[in-house]
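These notes concern the structure reproduced below.
Each reported figure results from applying straightforward, stated rules to the coordinates on display, with no laboratory input. Since the structure is predicted, the reported quantities are computational estimates derived from the model, not experimental observations. Ideal geometry is used to build each Cβ from the backbone, glycine not excepted, and the neighbour counts take in all protein chains shown.
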Amino acid sequence: MLDCGHNPSPHSEISTGIAHSLDGRRLCYDCAFQEEVRQYKQENRMIAYLSDDGRRITNWPGYTISAQVFILNESRDNFGGERIYLRFVFDDSIWSGFAMGRGMYLRAKRTKLIGLYA
Ligand SMILES: [Zn+2]
């Protein structure tokens, strides 16, 4: 039994089904996701992941944070690094940030924009 009162989440051979909170509690994936969402809303910023198809923002291990994603620009630098500038809808706000590629992590902040495309 974990600290959230649940059993470890279903998992694969390479993962444990257990997430660790910043203060060291052991949580199932559902509770960890709820906690992350609370944190994003409080801090108005997040580190998350862009799905492989570029259409969803997810956490690890794959819970959907937003399915309304607008990619503004994708660029590649001379070293093969990639940056994808994007916006998405979360918590009734438009968030803006960039990912290091599809299927890669991203950093985003809440904005005062009123539309994804504005
Ligand atoms: Zn739990």
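Here ASP3, ASP53 are placed in order of increasing Cβ neighbour count within 10 Å, fewest first, which gives ASP53, ASP3.
Listed from fewest to most Cβ neighbours within 10 Å, the set TYR49, TYR85 follows the order TYR85, TYR49. Counting neighbouring Cβ atoms within 10 Å and putting the fewest first, the residues ILE84, ILE114, ILE71 line up as ILE114, ILE71, ILE84.
Comparing mean-square fluctuations of ARG76, ARG45, ARG55 from a GNM of the chain with C-alpha springs under 10 Å, the top value falls on ARG76.
Among the cysteines of the chain, CYS28 have no other cysteine beta carbon within less than 4.7 Å of their own.
When the square roots of the Cα gyration tensor eigenvalues are ordered a ≥ b ≥ c, the ratio a/c for region 45-118 is 1.5 or more and a/b does not exceed b/c, which makes its shape oblate.
Distant-in-sequence amide contacts of PHE90, defined by a placed amide H-H separation under 5 Å and a gap of 5 or more residues or a different chain, comprise TRP95. The simple Förster model, with R0 at 41 Å and r as the Cβ-Cβ distance, assigns ASP53 and MET1 a FRET efficiency of 0.65.
Between GLY101 and ILE84, the built amide H atoms are under 5 Å apart, and every one of these is 5 or more places off in sequence or on another chain.
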